[in-house]
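Reviewing the structure listed below.
The values are calculated or read from the model by the stated rules, or taken from the named source; none is laboratory data. For clarity, every value in this text was computed on a predicted model and none was experimentally measured. Glycine also receives a Cβ, built like all others from the backbone with ideal geometry; neighbour counts cover every protein chain displayed. Side chains included, ligands, DNA and RNA excluded: accessible areas come from the protein's heavy atoms. Shrake-Rupley method; radii C 1.70, N 1.55, O 1.52, S 1.80 Å.
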Amino acid sequence: MRTTLTLACVILSLCFCGMAVSQDLPDDILADQYLLEAKKALENGQPQTARQAFEKIEALDTEPPLEFYFFFGKLLVEHGTTVDDARQGQASLKQFVVNIEKSSEYYRPTLELLSAAGKKIEKTEQRRAEEAKRQAAAQERAATLKDSLPLLLKNLQQQMVVVPGGTFTMGCTEEQSSCDEDEKPVRQVQVKSFTIGKYEVTQDLWEAVMGKNPSKFRNCPRCPVEHVGWDDTKMFLKKLNALTGGHYRLPTDAEWEYAARGGQKNQAFLYVGSDDLGSVAWYDKNSGHRVHRVGQKQPNGLGLYDMSGNVWEWLEDCWGKKFPGPPADGSAWKSGNCARHMMRGGAWTSYPRYLRSSNRYWNLSAFLRYDVGFRLVGTP
């Protein structure tokens, strides 16, 4: 292996510096000239040009100059984009360092580049191992969810509470306070019998049906699923009904308030199930800035949990500020602004006034936030 340029090579290199290289020159002289081009390109911050020059050297039928292994390795370690680049650069530098003296000006820089290459390779391998571990865990999780889906669907059916139909006073009744204009005036609404989920839809059920969990607060299977838009709930319902042959849907505005007030029991509480908010709801003062597992607070008279607080619950109705607006038969209002849909109940982020039984709220149908979920309604 050559360690220095011959005098002729130096002279020719100087003659051709900055000029096109004649392909008629001997390969060893061409290699020296291409190496000078590569070094110049590296100095000028042109790694792609340098790589092209190195490739020309590799294509020649001669042993590259010794410095080729240092500068080629330097290029690959500092400017390479893949782990294969780092490995190739590492190999080139190793070949260089075993052929030079420790007193060489390149000795310490070579060791530093080898260290950098090793760290790049180690980091990449660690990422790959972590990704493989995540994929294995995801596959295992998917298999577990597939096995648990029948039980989850059976539990869902058992957790649907029958709400006998009846007539109730909807809106800002006398026990409510700080009412908004969209809660006035009160009106009489006739609601047909329906079933409603005892709990908000949980992360384990969502993941079993949809195959992934969109929630911010994961690793809590029995917490409400959140970070789902109204459009997302419709996709979930379509898949759920295909799996069960059921007719699950979102509650209407009237159904939600009727169930919140206790149905025929007609509980006159400020919040859902009590005037003592902390006993029935997770809200801004007691939530610890996160969602909580369903069913930990007291239920209302129908045995429904977390209708005040934990997460906002999407409704079927389009938004309409005018009240009374929803149909008097308790069905969903479809003549409002259907780019927006209603939500009820407040959330772990909410102030008390938003957790009242009569409070009405809305958001864009594609709205995503970590305090918005939903509850199911079905036929009795």
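Below is a table of values for the structure above.
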quantity: Using a Förster distance of 56 Å, the FRET efficiency for E43-A137 (Cβ separation, nearest 0.05); calculated: 0.75
quantity: Net dipole in debye of the stretch 186-241 [+1 Lys, Arg Cβ; -1 Asp, Glu Cβ; about Cα centre; nearest 20]; calculated: 160 debye
quantity: Accessible area of the stretch 95-168 belonging to carbon and sulfur atoms, whole % at 1.4 Å probe; calculated: 52 percent
quantity: Within a Gaussian network of the chain (alpha carbon springs, distance under 10 Å), most fluctuating of K184, K40, K216; calculated: K40
quantity: Among D253, D28, D329: highest mean-square fluctuation, GNM of the chain, C-alpha pairs under 10 Å; calculated: D28
quantity: For the stretch 284-364, convex hull of alpha carbons as volume per residue, Å³; calculated: 108 Å³
quantity: Sum of -39500 (n - 2.57) over DSSP H runs of 4+, divided by residues of the chain (222 nm, nearest 500); calculated: -13500 deg cm²/dmol
quantity: Proximal charge balance of A254 [Cβ under 12 Å; K/R count +1, D/E count -1]; calculated: -1
quantity: C-alpha long axis of helix 27-43 to longest principal axis of the chain, angle in °; calculated: 40 degrees
quantity: Dipole in debye (nearest 20) - the stretch 173-328, about Cα centre, beta carbon charges: Lys, Arg +1; Asp, Glu -1; calculated: 580 debye
quantity: Charge dipole (the chain, unit charges on Cβ, about Cα centre) - positive-most of V294, Q188, Y283; calculated: Q188
quantity: Acute angle (nearest 10 degrees) that the helix 83-97 long axis makes with the longest principal axis of the chain, alpha-carbon atoms; calculated: 30 degrees
quantity: Candidate values [x] 90, 55, 41; [y] 69, 61, 36; [z] 105, 41, 39, label of the one derived for Cα extents along the principal axes in Å; calculated: [z]
quantity: Stretch gain in nm, segment T167-E125, where the contour uses 0.36 nm per residue and the Cα spacing is subtracted; calculated: 8.6 nm
quantity: Gained length - R222 relative to E58, 0.36 nm times residue gap less alpha-carbon distance; calculated: 52.9 nm
quantity: Cα gyration tensor shape of the stretch 165-313, rounded if a/c is under 1.5, else prolate or oblate by comparing a/b with b/c; calculated: oblate
quantity: Accessible area of the chain divided out per residue, in Å², using a probe of 1.4 angstrom; calculated: 50 Å²
quantity: Cα shape, the stretch 237-380, gyration tensor, a/c 1.5 rule; calculated: rounded
quantity: Nearest-ten-degree value, helix 7-16 long axis tilted from longest Cα axis of the chain; calculated: 50 degrees
quantity: Farthest toward positive dipole pole in the stretch 232-279 [+1 Lys/Arg, -1 Asp/Glu at C-beta], among A268, M235, P251; calculated: M235
quantity: Subset of K198/K234; K146/K334; K198/K334 violating a 29 Å alpha-carbon distance limit; calculated: K146/K334
quantity: Unit charges on C-beta of K, R, D, E only; dipole of the chain, Debye; calculated: 1680 debye
quantity: Kirkwood estimate for the stretch 248-323, i.e. one over the average of 1/r between Cα atoms, Å; calculated: 13.3 Å
quantity: Gyration tensor (Cα) of the stretch 85-214, equivalent ellipsoid semi-axes in angstrom; calculated: 69, 23, 8
quantity: Relative contact order (percent, whole number), the chain, Cα cutoff 8 Å, 6+ residue spacing; calculated: 16 percent
quantity: Potential extension, L149-Y107 segment - 0.36 nm per residue separation minus Cα distance; calculated: 8.9 nm
quantity: Three-way shape call for the stretch 134-178 based on the alpha-carbon gyration tensor, with the a/c threshold at 1.5; calculated: oblate
